[in-house]
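There's a structure below that I have some questions on.
Every number here is computed from the coordinates shown, using simple stated rules; none is lab data. All figures in this text were calculated on a predicted structure; none of them were measured in a lab. Virtual Cβ from ideal backbone geometry, glycine too; neighbours counted across all protein chains shown.
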Amino acid sequence: MSRILDYEQVLEKLDFISNVGPIKVEQDLATTKFNLPIKYYTAGNGSLDIVISGATHGQEIITTDFVLKLMEDIVNNESKWNLILNEFKLHFIPMLNPEGYLITSSAVRTKIPRDIPIDLEEKLCEEYYLACKKDSLEEDNNDPKNHSLFFDKVDYTCIDEKYNSLRENVKSILDKYPDLPKNCLYMWSANGSGIDLQANSEFNPVISRIMENEEVFMSTKRFDNIMMSHPGPINCPLDKEVGFKTEIETKTISSLLESLHKKGSLYAYLNYHSTGSIIFNRPAEVPKELDVSEEEQLKKELVNYMFAKVYSDKTYKNNGINKYGIDLRETSKYKIITNKSKATSSNDIFRLLYNQNILVELSALGGNPIAPFCNIDNLYNNIIDSNLDAVNHTLKVSSLAKKISEEFYEKVKDLPDYDYEEVVRLEDIIYEEFNKKILELENKGKTR
C-alpha cells in the first residue's frame, strides 16, 4: 500500500484525525480560485499561537505528510503534548496550496497507484531520485530530462474530471505556453493558475525582469528548461498579462499571521518545505518599503537563531554508525543558514515581520515529489521521527530559550562593531550551556 497520499486520501485522513482527540476542525481559511478549500485545524488552549503549514509548494508532498503525522502524534500521544497544548494554541494548515498538491499527486498516481507494494514504491522512488541526481550533475543536460522521462505518459487528463475547472485551466496553460513540457504536472509547485506562492511577493526582483519581457529560466540544471516568465509549474511570481497580484493562498497565510500578530499572541511560525535538511531563520535585508527598524531586525536575528538551534538539535538525516564508530545520527543535524539574503520570497517577508519564524526543509535528498519516500528506514522515518521530536522539544523549551535570547540582545545591541557571525558564535556557546541545563532537568524528571 502506497505511503504517498493523493489529494483525496489527505482529506480522508484529515476527517479521521479531526474526529478524535484534541484536534479541532475550524472553518476553512479560504476557498481557492478553482474551488478547493484551504483546510484549517487547531489544537490546544494556550494564550500563545503557533502556526504550522505544509504544501506551500504543491510538489512538496512530504510536507503535508509530516503535518498529518504531527497531528496524529498529538492525537495518539496526548500526554506527550499536554504541557504544550496548555501553553500554546497550534494552528495547522496541512495544504496551503491544495490546487498544486492535487495536480502533483494526480500525476504521481499515474506511476505509483494506491495499491502498489511498498517495496516496489520504494524502488521507483529511488529510480526517480537517481534520475534527478543525474540531471543535477550533468554539464550537458539536454531536454527531455532524465527525471522527466520517469513521468513521460503524464498529461492534464490525470486530474479527475470532478475538478474540471482546475483541469481545464492547467490544460489552457500548457496549450498557451508550448515551451512547457506537456508532462510537467509532477513538478507543479504553483497553484492552479501557475503562480508559485513562495515567489508571489511584491518584493521579488524577478517581477521587473518579467514585466520588461525578459525570458527568465530556472537556474538549476535539473529545471533549466523551465521558463518562469509566464505561468507554469515552478517559480513564476505573476501573470504578466494581468500584472502583479497577491494570490488567494498568499493572502490567506499573510492574513492569519498578521491577525494573530495584531492580537499580540503570535509566538512562532513553522513553515515546512521539502528538500535540503536545512533551516532558514535569518531575517532578510529590509526592503525600503517596509518599516522594520535595525533594532527590531537584530532582535529577530538572535531570537530566530536560538529557536532554529533548539529545533536543529533534535533533527537528523542519517542513521547508524560509520566505519570510524561515529554515530551518524548525532553528527547530521539540519544545517542552519546564517547567510544574509535579499527579501525576495513571501517567507522572507514573514521572517522580517514576525519572531520565531523558521522555514524547515525536511528531506536530505533533492527530487520532489517522490524522492523523500525512496528509503523508508534510513530516510523517510528519519524525517518524520526527528522532526516530531524537534517540534515537541522546541515548543517545550522555547519560552526559556526566547528569554535567554532577549537578554543576550540587551547585552549586544549597543556594540559599536556588531558582527552577526561573531554574535552567532557567542550564541552557540550560550546554547550549549542552556542545553546542558535542559538535559539535567530532563534526567532529573526521569529518575523521579
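Dipole of segment 361-448 (Lys/Arg Cβ +1, Asp/Glu Cβ -1, origin at the Cα centre): which of V397, G367, L379 lies farthest to the positive side?
Checking the options against the dipole of segment 361-448, the answer is V397.
Right, next: Fewest first, what order do C158, C125 take by the number of other Cβ atoms within 10 Å?
Neighbour counts put them in this order, fewest first: C158, C125.
Now, a different point. Amide H neighbours of F217 under 5 Å, counting only residues 5+ apart in sequence or on other chains, H built in-plane at 1.01 Å?
Residues meeting the amide H criterion: M228.
Only four residue types carry charge here, +1 at the Cβ of Lys and Arg and -1 at the Cβ of Asp and Glu. Report the dipole size of segment 228-327 about the Cα centre in Debye, rounded to the nearest 20. Walk me through the intermediate numbers first.
On the way: 13 positive and 14 negative charges, 82 e Å.
In total the dipole reaches around 400 debye.
While we're looking at this one, here's another question. Using r as the Cβ-Cβ distance of N339 and K69, and R0 as 30 Å, what FRET efficiency do you calculate, to the nearest 0.05? Write down the numbers at each step before the final one.
Details: r = 30 Å, r/R0 = 1.01.
With R0 = 30 Å, the Cβ-Cβ based efficiency is 0.50.
So how do M211, M1 line up by other beta-carbon neighbours within 10 Å, fewest first?
Details: M211 13, M1 8.
Exposure proxy ranking, most exposed first: M1, M211.
Hey, in the GNM for the chain with a 10 angstrom Cα cutoff, which one of Y101, Y163, Y186 fluctuates hardest?
Y163
So which cysteines of the chain have no other cysteine's Cβ under 4.7 Å from theirs?
Here C132, C158, C184, C236 come out as lacking a disulfide-compatible partner, given the Cβ-Cβ threshold of under 4.7 Å.
Rounded to whole Å, give me the distance from the Cα center of segment 29-44 to that of segment 130-207.
Segment 29-44 and segment 130-207 have Cα centres separated by 24 Å.
Dipole of the chain, Cα-centred, from +1 at each Lys and Arg C-beta and -1 at each Asp and Glu C-beta, to the nearest 20 debye?
Numbers: 54 positive and 72 negative charges, 195 e Å.
Around 940 debye, computed over the chain.
Now a separate question. Take the Cβ-Cβ distance between N164 and K251 as r, set R0 to 22 Å, and report the resulting FRET efficiency rounded to the nearest 0.05. Spell out each step's value before the answer.
Values: r = 25 Å, r/R0 = 1.13.
Approximately 0.35, to the nearest 0.05.
Can you pull out the GluC sites (Glu not before Pro) in segment 285-351 whose DSSP state is coil and whose Cβ has at most 11 other Cβ atoms within 10 Å?
Details: sites: E285, E289, E294, E295, E296, E301, E330; in loops: E289, E330.
Answer in residue order: E289, E330.
Only Cα pairs within less than 10 Å get springs; with that Gaussian network setup on the chain, which residue of N97, N368, N318 has the largest fluctuation?
Ranking N97, N368, N318 by mean-square fluctuation puts N318 first.
Neighbour counts of other C-beta atoms within 10 Å: give me L290, L96, L36 arranged from fewest to most. Don't jump to the answer; show the numbers that get you there.
On the way: L290 11, L96 28, L36 25.
Listed from fewest to most nearby Cβ atoms, that is L290, L36, L96.
Same structure, new question: Find out how many positive minus negative residues lie around I38, taking Lys and Arg as positive, Asp and Glu as negative, among other residues whose Cβ is under 12 Å from that of I38.
Cβ neighbours under 12 Å give a net charge of -2.
Next question. Hey, rough spin-label estimate for R114 and K436, points 7 angstrom out along Cα→Cβ, what's it come to in nanometres?
Here the answer is 5.5 nm between the modelled labels.
Now for a different question. Along Cα→Cβ, 7 Å out, is where each label goes; now give me the distance between the ones at T42 and D389 in nm to one decimal.
Each label point lies 7 Å from its Cα, and together they span 3.2 nm.
Let a ≥ b ≥ c be the square roots of the eigenvalues of the Cα gyration tensor of segment 1-141; is it rounded (a/c under 1.5), or, if not, prolate (a/b larger than b/c) or oblate? Present the calculation step by step, with values, prior to reporting the outcome.
Details: a/c = 2.00, a/b = 1.83, b/c = 1.09.
It is prolate, given that a/c is not under 1.5 and a/b is the larger ratio.
Starting with the highest mean, order 254-263, 434-443 by the number of other Cβ atoms within 10 Å, averaged over the residues of each peptide.
Listed from highest to lowest mean packing, they are 254-263, 434-443.
Further, regarding this structure: Give me the dipole magnitude in Debye, nearest 20, for segment 121-229 about the Cα centre, with unit charges on the beta carbon: positive for Lys and Arg, negative for Asp and Glu. Write down the numbers at each step before the final one.
Numbers: 13 positive and 22 negative charges, 42 e Å.
Magnitude of the dipole: close to 200 debye.
Could you check the spin-label model distance between L130 and L290? Points 7 Å from the Cα along Cα→Cβ, value in nm.
4.3
Using r as the Cβ-Cβ distance of K221 and E330, and R0 as 41 Å, what FRET efficiency do you calculate, to the nearest 0.05? Could the numbers behind the result be given before it?
Working: r = 33 Å, r/R0 = 0.80.
FRET efficiency, K221 to E330: 0.80.
Follow-up question, since we're still on this one. If one takes the longest principal axis of the Cα atoms in the chain, at what angle in degrees, from 0 to 90 and to the nearest 10, does the Cα axis of helix 381-412 lie?
Helix 381-412 sits at roughly 50 degrees to that axis.
So, one more: Only Cα pairs within less than 10 Å get springs; with that Gaussian network setup on the chain, which residue of L149, L266, L14 has the largest fluctuation?
Comparing L149, L266, L14 in a Gaussian network model of the chain, the most mobile one is L149.
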